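Chemist: A single structure is presented below for examination.
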Amino acid sequence: MSDLMGLIYTGDNGERLGELTSLRAVAALPVLARYRVIDFVLSSLVSSGAKNVGIIMQKNYHSLIDHLGSGKEWDLHGKHQGLVILPPYQTPDNIGVYSGLMDAIRSNMVFLRRSRERYVVVTDSGMLYSANYDDMLAQHIRTGADITLMYSTDHNLLRSGSGHYIRVDEEGRVCELENQPMVPSFENTYMEAFLIRRELLIELADRAVSRAQYHFTRELLQHAIADHDLSVYGWKNDSPAWRLDTVQAYYDCSMALTKPEIRRQILRADRPVWTKMRDEMPTRYTADAKVKDSLLADGCIIEGTVENSIIFRGVRVMKGAVVKNAVIMQDGYIMPGAHVEGCILDKQVTVRDGSTLCAPASYPMVVAKGTTV
Amino acid sequence: MIRKKQCVAMLLAGGQGSRLGVLTQHMAKPAVPFGGKYRIIDFPLSNCANSGIDTVGVLTQYRPLELNAYIGSGAPWDLDVSQGGVYVLPPYHTGATGEWYKGTANAIYQNLSFIQQFDPEYVLILSGDHIYKMDYAAMLRHHIEHKADATIAVRQVPWEETHRFGIMNTNEQGNIIEFEEKPKHAKSNNASMGVYVFTWSKLRDYLTRDDQNPESSNDFGKNIIPMMLNEGCTLTAYSFNDYWKDVGTIYSLWEANMDLLTTPLPIDLHDKKWRICARNFGAGPQFVADTADVTDSLVTEGCEVYGTVKHSILSTGVVVEAGAQVIDSVIMPGAVIRRGAIIRRAIVAENAVIEPGTSVGEAEGDIAVVGQNVIVPAGGSVAAGAQLDV
């Protein structure tokens with residue numbers, strides 16, 4: 001019985017993901033042929049025994065709500081607890097539009113107060129990785145930390161001018177935190193996820209917001225580390241990780257996941273990843289199908305050539321069509337003789353007979369949902 | 001307080017299915033995997049859900065563990081409702097008289113009080129060994145419109161096969177006037193599909209009387225239907241001529257799987273208005289490697305293909321290693337085909353492991369079967385028509 005609950009913040013709307021997130025939160029971004037980004041953090045929490053998970057929503061959350069439903073697919077549809085959707089609403093306690101994570105937490109204080117678990121994992125939803133929160137919690141208890149930050153040494157996460165980077169000493173204590181440096185001084189990237197005692201979080205959120213500190217990392221955390229107010233430790237997550245903040249990052253992540261040795265660290269047999277079901281028929285390969293190095297979901301019909309690509313549910317690649325180094329989201333329709341290379345096709349995109357859509361791998365092209373090319 | 005239901009479905013899932021040989025050694029027939037991601041029982045259960053019938057009793061008897069675990073709360077079929085839902089009904093002891101289900105009619109008779117709880121007007125009787133998509137609500141409407149006591153779903157079978165079926169002879173109004181069980185010289189080719197709608201009050205009466213007859217074998221086809229006909233009940237035939245396949249034998253199970261590889265599909269499983277639902281095991285997307293060659297096949301979630309797959313079905317989590325060949329075969333969930341193994345015209349059951357260099361089945365001849373959890377050792381072979389069990 002785990003004494004852990006989860007609080008997922010889906011406020012970020014990923015402006016640099018362009019059309020991929022114009023209609024949805026990053027958390028709802030389709031990824032890896034049959035998932036959405038939030039499935040990974042949600043399933044990791046469930047694998048670690050969390051039975052109570054709140055999801056704070058801010059913008060573009062329609063597709064997220066549609067995806068999550070009652071939480072049944074993650075076994076989070078309990079009678080007394082389970083998945084709790086926390087959309088913005090305006091009341092004297094909740095201002096609707098959050099200035100930052102602390103603001104969002106403070107606005108949803110009722111949920112935290114009503115929960116019973118001793119510990120809470122608070123996490124953003126802009127990265128893709130697998131996490132073993134049991135280990136994180138064990139370390140948190142062992143070190144007696146007030147706050148444990150999840151970090152990674154994966155170079156994929158380093159950015160110029162964004163992100164948070166930490167210096168961790170030999171005992172695992174976090175001694176310094178850099179906020180959006182042009183050149184990160186430390187190779188440890190804070191993964192925008194931390195573990196804390198629930199009651200301490202309530203106290204901190206209340207105190208921070210009353211002092212107009214709305215941001216957790218750059219206001220509360222940075223001060224707490226500098227002033228040694230709180231004991232902050234780092235827990236290293238060895239899972240491969242991707243920051244899904246640009247089209248290129250999303251594309252690179254997708255291509256990396258076609259490699260079995262990388263994929264197995266994210267889709268682990270001991271920590272299954274759950275998602276909403278569509279009850280599709282298995283994928284059909286016809287006599288002319290030529291598929292290499294690709295990941296495919298169910299419900300597809302493949303009559304053409306697919307190489308080094310990610311094919312979501314219900315996609316049809318017709319005879320003579322070629323799909324290479326591409327991501328084709330749900331219900332894409334690639335007609336005979338069409339050629340698609342280096343592209344990310346959002347849901348329900350049709351590429352008509354004989355059309356060619358080619359982009360270099362260093363500058364992938366996004367085709368918006370529902371477009372006919 | 002249980003709310004009244006118009007129609008309750010009773011699914012007969014107790015048979016051993018001995019003609020499926022090693023495939024039903026460890027599980028009941030309705031639990032046998034089909035078509036990559038389904039089990040046979042997904043078809044009647046999905047049909048019920050799609051027909052708006054939300055109360056289903058599943059009568060189990062033979063090796064029910066796997067079936068019970070699979071059905072669970074009924075959530076995959078949206079049958080986890082608070083009024084009604086899916087109920088697994090094993091035979092139980094009643095003090096002096098508890099006993100196994102003696103026949104199909106007896107199985108329903110022993111669950112009389114289960115059905116009575118819902119006080120239904122009609123009862124739908126189904127079996128768990130066919131692959132088909134059928135709107136039971138349309139059949140129920142037919143039953144009501146014809147003011148029938150019983151309605152039997154029939155389909156036209158080839159004349160040369162009539163001797164294998166229960167044949168219904170009807171008059172011009174579509175009422176059944178005669179029933180012949182496996183006739184040598186059939187008068188019609190309308191065969192019973194084993195799908196019945198009964199007006200519950202009538203059926204209850206006949207089941208009770210049938211139980212009192214020690215000579216009866218307590219079977220719908222042999223006893224209940226003939227008795228109702230003799231006594232002048234109104235029995236109508238409901239014609240169903242869409243895809244319907246009995247999967248009671250190794251060959252027919254293999255053949256029904258192969259039907260899913262033909263174009264156009266004889267049974268449309270892409271149909272969004274009539275989805276066939278199955279339990280989800282959280283497997284990832286399928287991966288087809290650069291060494292793979294997959295043609296004319298169905299592959300589902302969790303599969304990893306490095307070898308050659310031709311005209312075959314790979315179920316959830318199957319691994320086909322580089323250099324292995326799978327041809328004209330059905331590979332059930334979790335089986336592993338190691339490098340260099342050749343599988344032809346075979347059914348490889350759940351979690352079996354075919355070690356390197358093995359040959360299973362032959363290019364022609366009967367279907368070879370490797371049972372659940374069997375490990376076929378390196379260099380071994382399984383001849384056409386042979387069945388290997390642990």
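Chemist: Round to the nearest 10 and give me the degree value, 0 to 90, for the angle of helix B:200-212's Cα axis relative to the longest principal axis of chain B.
Modeler: Long axis of B:200-212 versus the principal axis of chain B: about 90 degrees.
Chemist: Is the range B:137-197 rounded, prolate or oblate when judged by the Cα gyration tensor, a ≥ b ≥ c being the square roots of its eigenvalues, rounded requiring a/c under 1.5 and prolate requiring a/b larger than b/c? Don't skip to the answer; put the middle values down first.
Modeler: Details: a/c = 2.49, a/b = 1.90, b/c = 1.31.
Verdict is prolate for the range B:137-197.
Chemist: Out of residues 5 or more away from A:Met5 or on other chains, whose amide H comes under 5 Å of its own, with H placed 1.01 Å from N in the peptide plane?
Modeler: A:Tyr119, A:Val120, A:Val121
Chemist: Further question on the same structure: Cα to Cα, under 14 Å, and not fewer than 8 places away if on the same chain: which aspartates and glutamates meet these conditions relative to B:Lys272?
Modeler: The qualifying aspartates and glutamates are A:Asp279, A:Glu280, A:Asp298, A:Asp331.
Chemist: Here is a further query. What list of ³J(HN,Hα) couplings, whole Hz, do you get for the range A:277-287 from phi and the Karplus terms 6.51, -1.76, 1.60, once you set θ to phi - 60° and write x for glycine and proline?
Modeler: Couplings: 8, 10, 6, 8, 5, x, 6, 9, 10, 8, 4 Hz.
Chemist: Another question about this same structure. So how far apart, in nm, are the two label points at B:Asp78 and B:Ser18 if each is 7 Å from Cα heading toward Cβ?
Modeler: Distance between label points: 4.1 nm.
Chemist: Along the charge dipole of the protein assembly as shown, pointing to its positive end and built from +1/-1 on Cβ of Lys, Arg, Asp and Glu, which listed residue (A:Leu101, B:Val320, A:Val121) has its Cα farthest out?
Modeler: Value: A:Leu101.
Chemist: Here's another thing I want to ask about it. Need one number: buried accessible surface between chains A and B, 1.4 Å probe, both sides summed, DNA, RNA and ligands left out, in Å² to 100.
Modeler: 3100
Chemist: Here is a further query. Tell me the carbon and sulfur percent of the accessible area for the range B:90-187, rounded to whole percent, probe radius 1.4 Å.
Modeler: Values: 2510 of 4890 Å².
About 51 percent, which is the carbon plus sulfur part of the accessible surface.
Chemist: A further question on this structure: Using a Gaussian network model of chain B whose springs link C-alpha atoms within less than 10 Å, name the residue from B:Gly284, B:Gly74, B:Gly302 with the highest mean-square fluctuation.
Modeler: Looking only at B:Gly284, B:Gly74, B:Gly302, the biggest GNM fluctuation is shown by B:Gly284.
Chemist: So if R0 is 35 Å, what FRET efficiency would A:Lys319 and B:Asn241 give, r being the distance between their Cβ atoms, rounded to the nearest 0.05?
Modeler: Numbers: r = 32 Å, r/R0 = 0.90.
For A:Lys319 and B:Asn241, the calculated efficiency is 0.65.
Chemist: A follow-up question, please. Under 29 Å Cα to Cα from A:Lys51, which lysines show up? Leave out anything in the same chain fewer than 8 places away.
Modeler: Counting by Cα, and skipping residues close in sequence, A:Lys51 has these lysines nearby: A:Lys59, A:Lys72, A:Lys79, A:Lys236, A:Lys276, B:Lys37.
Chemist: I want to verify a result. In a Gaussian network model of chain A, Cα cutoff 10 Å, which of these has the top mean-square fluctuation: A:Arg16, A:Arg36, A:Arg243?
Modeler: A:Arg16
Chemist: Can you compute the modelled spin-label distance between A:Ser99 and A:Thr356, with each label point 7 Å from Cα toward Cβ, in nm?
Modeler: Placing both labels 7 Å along Cα→Cβ, they lie 5.4 nm apart.
Chemist: Quick check for you: which residues of the range A:320-334 have the amide N under 15 Å from the point 7 Å beyond the Cα of A:Asp288 toward its beta carbon?
Modeler: Flagged as within label range: A:320-323, A:334.
Chemist: Here is a further query. Compute the helix-to-body angle for A:247-256: its Cα long axis versus the longest principal axis of chain A, expressed 0 to 90° and rounded to tens.
Modeler: The answer is roughly 80 degrees.
Chemist: With +1 on each Lys and Arg Cβ and -1 on each Asp and Glu Cβ, and nothing else charged, work out how big the dipole of chain A is about its Cα centre, in Debye to the nearest 20.
Modeler: Values: 41 positive and 45 negative charges, 200 e Å.
Here the size comes out at about 960 debye.
Chemist: For the range A:284-367: lysine pairs with Cα atoms under 16 Å, gap of 8 or more or different chains, count? Write down the numbers at each step before the final one.
Modeler: Values: A:Lys290/A:Lys319; A:Lys290/A:Lys324; A:Lys292/A:Lys319; A:Lys292/A:Lys324.
Lysine pairs satisfying the spacing and distance rule in the range A:284-367 number 4.
Chemist: Can you list residues from other chains, or at least 5 along the same chain, whose modelled amide H is less than 5 Å from the amide H of B:Gly317?
Modeler: B:Gly302, B:Cys303, B:Gly334
Chemist: With runs of 4+ DSSP H residues as the only contributors, calculate the mean residue ellipticity of the protein assembly as shown at 222 nm using -39,500 (n - 2.57) per run, divided by the residue total and rounded to the nearest 500. List each step's numbers first, then the result.
Modeler: Working: 17 runs with 144 residues, N = 763.
One gets -5000 deg cm²/dmol as the mean residue ellipticity at 222 nm.
Chemist: Sticking with this structure for a sec: Mean projection of the alpha-carbon convex hull of the range A:4-266 over all orientations, in nm²?
Modeler: On the way: hull surface 53.3 nm².
Averaged projected area of the range A:4-266's Cα convex hull equals 13.3 nm².
Chemist: Which of rounded, prolate, oblate describes the range B:48-198, given a ≥ b ≥ c as roots of the alpha-carbon gyration tensor eigenvalues and a/c under 1.5 marking rounded, otherwise prolate only if a/b is larger than b/c? Present the calculation step by step, with values, prior to reporting the outcome.
Modeler: Working: a/c = 1.81, a/b = 1.53, b/c = 1.18.
Because a/c hits 1.5 or more and a/b exceeds b/c, the range B:48-198 counts as prolate.
Chemist: Another question, then. Which whole-number percentage describes the relative contact order of the range A:4-266, with Cα contacts under 8 Å and a sequence gap of 6 or more? Spell out each step's value before the answer.
Modeler: Values: 500 pairs, mean separation 58.5, N = 263.
Normalised by residue count, the contact order of the range A:4-266 is 22 percent.
Chemist: For the range A:264-280 and the range A:305-373, what is the separation of their C-alpha centers, rounded to whole Å?
Modeler: 24
Chemist: Using only the alpha-carbon atoms, how far is helix A:37-47 inclined from the longest principal axis of chain A? Give it as 0 to 90 degrees, nearest 10.
Modeler: Approximately 60 degrees, to the nearest 10.
Chemist: Suppose we take every Cα in the protein assembly as shown and form the convex hull; what volume per residue is that in Å³? List each step's numbers first, then the result.
Modeler: Working: hull volume 144.7 nm³, N = 763.
Dividing the Cα hull volume of the protein assembly as shown by its residues yields 190 Å³.
Chemist: Just for the range A:243-370, what percent of DSSP beta bridges are antiparallel, to the closest 5?
Modeler: On the way: 1 of 30 bridges.
Percentage antiparallel, nearest 5: 5.
Chemist: Work out the length of the dipole vector of chain B about its Cα centre, built from +1 on the beta-carbon of each Lys and Arg and -1 on the beta-carbon of each Asp and Glu, and round it to the nearest 20 debye.
Modeler: Working: 31 positive and 43 negative charges, 99 e Å.
Here chain B has a charge dipole of around 480 debye.
Chemist: Per residue of A:288-295, count partner chain C-beta atoms within 10 Å of its C-beta, then hand back the mean as an integer.
Modeler: Across the residues of A:288-295, the mean count of other-chain Cβ atoms within 10 Å is 6.
Chemist: Moving on. Shape call for the range A:178-218 from the C-alpha gyration tensor, a ≥ b ≥ c root eigenvalues: rounded (a/c under 1.5), prolate (a/b greater than b/c) or oblate?
Modeler: On the way: a/c = 4.65, a/b = 1.75, b/c = 2.66.
Since a/c reaches 1.5 but b/c is at least a/b, the shape of the range A:178-218 is classed as oblate.
Chemist: Quick one: compute the contact order of chain B, relative version, from alpha carbon pairs under 8 angstrom and 6+ residues apart, as a percent.
Modeler: 14
Chemist: Another question, if that's okay. Keeping every protein chain present and rolling a 1.4 Å probe, give me the accessible area per residue for the range A:4-266 in Å².
Modeler: Working: 10530 Å² over 263 residues.
Heavy-atom SASA per residue in the range A:4-266 reads 40 Å².
Chemist: Something else: Tell me, what % of the accessible area of the range A:158-283 is carbon and sulfur with a 1.4 angstrom probe? Could you put the intermediate results ahead of the total?
Modeler: Numbers: 2460 of 5430 Å².
Solvent-exposed carbon and sulfur of the range A:158-283 make up 45 percent of the total.
Chemist: Per residue, how much accessible area does the range A:310-373 have with a 1.4 Å probe, in Å²?
Modeler: On the way: 2380 Å² over 64 residues.
On a per-residue basis, 37 Å².
Chemist: Taking amide H atoms as placed 1.01 Å from N in the peptide plane, list the residues 5 or more away in sequence, or in a different chain, whose amide H sits under 5 Å from that of B:Ile40.
Modeler: Answer set, sorted by chain and number: B:Val32, B:Phe34.
Chemist: A further question on this structure: Suppose every K and R has +1 on its Cβ and every D and E has -1 on its Cβ; what is the size of the dipole of the protein assembly as shown about the Cα centre, in Debye to the nearest 20? Mind dumping the intermediate values first?
Modeler: Numbers: 72 positive and 88 negative charges, 160 e Å.
Here the protein assembly as shown has a charge dipole of around 760 debye.
Chemist: Let me ask something additional. Calculate what fraction, in whole %, of the accessible area of the range A:284-367 sits on carbon and sulfur atoms when a 1.4 Å probe is rolled over the protein chains.
Modeler: On the way: 1330 of 2700 Å².
On the range A:284-367, the fraction of accessible area on carbon and sulfur atoms equals 49 percent.
Chemist: Could you calculate the contour length gain from B:Thr263 to B:Ser113, that is, 0.36 nm times the residue separation minus the distance between their Cα atoms, to one decimal place in nm?
Modeler: Values: separation 150, 0.36 × 150 = 54.00 nm, distance 4.66 nm.
Length gained, B:Thr263 through B:Ser113: 49.3 nm.
Chemist: Any chance you could tell me what percent of the C-alpha pair distances in the range A:260-373 go past 26 Å? All intermediate terms of the calculation are to be shown ahead of the outcome.
Modeler: Working: 1100 of 6441 pairs.
When all Cα pairs of the range A:260-373 are counted, 17 percent exceed 26 Å.
Chemist: How many Å² of accessible area per residue for chain B, probe 1.4 Å? Please report the intermediate quantities before stating the final value.
Modeler: Details: 15230 Å² over 390 residues.
That works out to 39 Å² per residue.
Chemist: If you don't mind, another one. Along the Cα-to-C-beta direction of B:Thr291, a point sits 7 Å from the Cα; which residues of the range B:326-353 have their amide N less than 18 Å from that point?
Modeler: Hits in the range B:326-353 for B:Thr291 at 18 Å: B:326-327, B:336-343.
Chemist: Return an integer: the convex hull volume of the alpha-carbon atoms of the range A:188-240, in Å³ per residue.
Modeler: Values: hull volume 4.9 nm³, N = 53.
Normalising the Cα hull of the range A:188-240 by residue number yields 93 Å³.
Chemist: Between the range B:62-94 and the range B:200-252, how far is it from one alpha carbon centroid to the other, in angstrom?
Modeler: Here the answer is 24 Å between Cα centres.
Chemist: Still on this structure, please answer the following. Need the C-alpha centroid separation for the range B:305-334 versus the range A:127-163, integer Å.
Modeler: Cα centroid of the range B:305-334 versus Cα centroid of the range A:127-163: 39 Å apart.
Chemist: Taking the Cα atoms of the range B:336-390, what is the range of coordinates along each of the three principal axes, in descending order and whole Å?
Modeler: Cα spread of the range B:336-390 along its principal axes, largest to smallest: 23, 21, 13 Å.
The values are calculated or read from the model by the stated rules, or taken from the named source; none is laboratory data. Keep in mind that what you see is a predicted model, and the values were worked out from it rather than measured. Note that each Cβ is placed from the backbone with ideal geometry, even for glycine, and that neighbours are counted across all protein chains shown. Just so you know, the surface numbers come from the protein's heavy atoms only, side chains and all, with ligands and any DNA or RNA stripped out. Shrake-Rupley method; radii C 1.70, N 1.55, O 1.52, S 1.80 Å.
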